[in-house]
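Note sheet for the following structure.
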Amino acid sequence: MKKTVLVGALALAGLSAGVASAGTLDDVKARGTLNCGVNTGLTGFANPSASGEWEGFDVAICRAVAAAVLSDATAIEFIPTTGKTRFTALASGEIDMLARNTTWTFTRDVDLKFEFVGVNYYDGQGFMVPKELGVSSAKELDGATVCIQTGTTTELNLADFFRANNISYEPVPVETDNEAQQQYLAGACDTYTTDASGLAAVRATFESPGDHILLPEIISKEPLGPLVRHGDNEWGDVVRWTLNALISAEELGVTSANIEELSGGTNNPEINRLLGTEGSLGEMLGLDGEWAKRAIMAGGNYGELFEKNIGEATPIGLARGLNAQWTNGGLLYSPPFR
Ligand SMILES: N[C@@H](CCC(=O)N[C@@H](CS)C(=O)NCC(=O)O)C(=O)O
């Protein structure tokens, strides 16, 4: 009797999730494409190129997963999502994973029932102002109009920061970065606030980036990472270890330039396990031995992806900072491939 009640409750719980909560790995394999939720457009992170190809630091995670699972880094349907629509898209099953500068928070995990598989960018919230506003600290923004993207952690942090500093602001809500950019440049808001990486990305697209400054305050922690639905652990493992493969590859010195040679076998057992010449880690994931090799070859290791898409040599110009490897004073630390 007790057993029946329990089974019934579980079935109900499954139904209330609204989608098949298990088996995304099989679904993706059967479909032959990965449905990856990304931004509507944020230079350096996720943006269609002039020829219509999605590219960027978040897009690279989708590509690595598609390469690992489907042996094809282009077998992806990119689904643009806003701050508001991203979670419904994931919960409903419209997308298999979300890679869209999304902050790992308690409520998104526990209440919305998503699983963040790791962090691909450690960030924090900042403020951008036109130089001519003559402001040098966020604490001088009393009474300012603030462009703010709805459905984000940004909205909540902003309220906390102004309240804690006993100053007031007038929100100018926007739904996409494009809209924020237009409003800000048109002077509809005195300042634009979002993740500091997002501010750098937006500023890079301005005609005169030098006319705008980022204020020194970073008012929050924004660990950004890919996420999947709760309760689909096999799929979660695939996305988690794909991200870890990119991070470990950098730590172990595996690059797009030397990966072919290294996958012939090396005297470093961890590299061999990563690249599938030793052990059977791929099989344990429901993939083959070369899954991680393909993931890394899709665009390079973590460091290569960083430098190519958002690094100091790009117009976005981000330094590694917290996103350096732990061996270099940063927070990037992949668990071992063992
Ligand atoms: N990390 C924050 C904010 C993420 C966010 O939506 N950022 C904006 C501003 S950088 C964005 O990505 N916009 C891209 C778009 O509108 O497509 C969160 O998870 O709530």
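The values are calculated or read from the model by the stated rules, or taken from the named source; none is laboratory data. Predicted, not measured: the structure shown is a model, and the values here were computed from it. So basically every Cβ, Gly included, is an ideal-geometry build from the backbone, and we count neighbours across all protein chains shown. Areas reflect the complete protein model, heavy atoms only, side chains present, ligands, DNA and RNA absent. Shrake-Rupley method; radii C 1.70, N 1.55, O 1.52, S 1.80 Å.
Structural remarks
- Boolean, S208 is open to solvent by 50 Å² or more (accessible area, probe 1.4 Å) and among the hydroxyl-bearing types (S, T, Y): yes
- Number of residues in segment 211-234 that are closer than 23 Å to G56 by Cβ and either among the acidic types (D, E) or surrounded by fewer than 16 Cβ atoms within 10 Å (Cβ to Cβ) (or both): the value is 3.
Let's see how each residue does on (1) within 14 Å of the ligand (Cβ to nearest atom); (2) surrounded by 17 or more Cβ atoms within 10 Å (Cβ to Cβ); (3) free of Cβ contacts under 8 Å to residues at least 40 places away in the same chain:
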| position | (1), (2), (3) |
| --- | --- |
| G83 | yes, yes, no |
| G93 | no, no, no |
| L112 | yes, no, yes |
| G118 | no, yes, no |
| Q125 | yes, yes, no |
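- Restricting attention to segment 126-142, the residues that are charged (D, E, K, R) and under 22 Å from S208 (Cβ atoms) total 2.
- Residues of segment 242-258 that turn out to be touching a residue at least 60 places away in the same chain (Cβ under 8 Å) and open to solvent by 40 Å² or more (accessible area, probe 1.4 Å), as a count: 2
- Qualifying residues in segment 172-186 (those that are of a type in the set (D, E, K, R) and within 20 Å of the chain's Cα centre (by Cα)) - the one nearest to the ligand (Cβ to nearest atom): D177
- Applying a threshold of 8 Å to beta carbon distances and a minimum spacing of six or more residues, or different chains, the list of pairs starting in segment 142-154 at a residue that is closer than 10 Å to S168 by Cβ and open to solvent by 20 Å² or more (accessible area, probe 1.4 Å) and ending at one that is away from the ligand (no atom under 13 Å from the Cβ) and of a type outside the set (S, T, Y) reads D142/I167; G143/I167; G143/E170.
- Test: A73 is in a loop (DSSP other than H, G, I, E, B) and at pLDDT below 95: no
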